[in-house]
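Below is one structure; the comments refer to it alone.
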Amino acid sequence: MPIKTPRLTITNFTPDMAQAVYENSQDDDTRLFVPDEVYDSVKEARDAIEFLMSRYDSTDGPFVYPLLTNEGQNIGYIQLCNLELEEEGTWEIGYHIAKNFTGMGYATEGVKAFLPVMAQKLNLKEVYGICLAENHASVRVLEKCGFTQIYQGPGNYQGREAQIVKSVWKN
């Protein structure tokens, strides 16, 4: 899978990444914006990685890949997930950058490289981006990556009612 950008490598998970995944899951932004991706232990992170690795050869995902700096530091992940609650064949992009690396353009760089490759691989014509309205950085990443906002208001986010922004990218 490797996708290279000027500063990043998007690649497959390996079990030895569990410590970094665990540490990245502990920051306040993860707890606020993606609480289901906070791990209580390195073993729990390793179990999640093993599941995600098992999905790489599937057709329905989720397809989750670590974002590594070109120096090899794991700074987060990028993903495409099938939205089971929506119509079949509807996909959502997700990404998270560890707090120490936010504000440096890594999410935008990763999404711009990842999205066309995965859209071609899965023959996707559109991909949704859904985030909390208060997550201004994520809203901005979607805008910079060519997503068009189609909804802002109450909606389901991580199993709870919240103010969300829903955007779409068309291939």
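How many of the residues in the stretch 24-70 are of a type in the set (A, V, I, L, M, F, W, C) and more than 21 Å from residue 135 (Cβ to Cβ)?
9
Checking the structure you have, find out if any residue of the stretch 154-163 is within 17 Å of the chain's Cα centre (by Cα), of a type in the set (A, V, I, L, M) and either assigned to a loop (DSSP other than H, G, I, E, B) or farther than 20 Å from residue 76 by Cα (or both).
No, the stretch 154-163 contains no residue that is within 17 Å of the chain's Cα centre (by Cα), of a type in the set (A, V, I, L, M) and either assigned to a loop (DSSP other than H, G, I, E, B) or farther than 20 Å from residue 76 by Cα (or both).
Does the stretch 7-40 hold any residues that are modelled with pLDDT of 90 or more and in a loop (DSSP other than H, G, I, E, B), and which are they?
Those that are modelled with pLDDT of 90 or more and in a loop (DSSP other than H, G, I, E, B): 7, 11, 12, 13, 14.
Which members of the stretch 138-171 meet the condition of being touching an Asp or Glu at 6+ places or on another chain (Cβ under 9 Å) and under 26 Å from residue 1 (Cβ atoms)?
Residues satisfying the conditions are 167, 168, 169, 170, 171.
The values are calculated or read from the model by the stated rules, or taken from the named source; none is laboratory data. Quantities reported herein were computed from a predicted structural model and do not represent experimental measurements. Cβ atoms come from the backbone with ideal geometry, glycine included; neighbour counts cover every protein chain shown.
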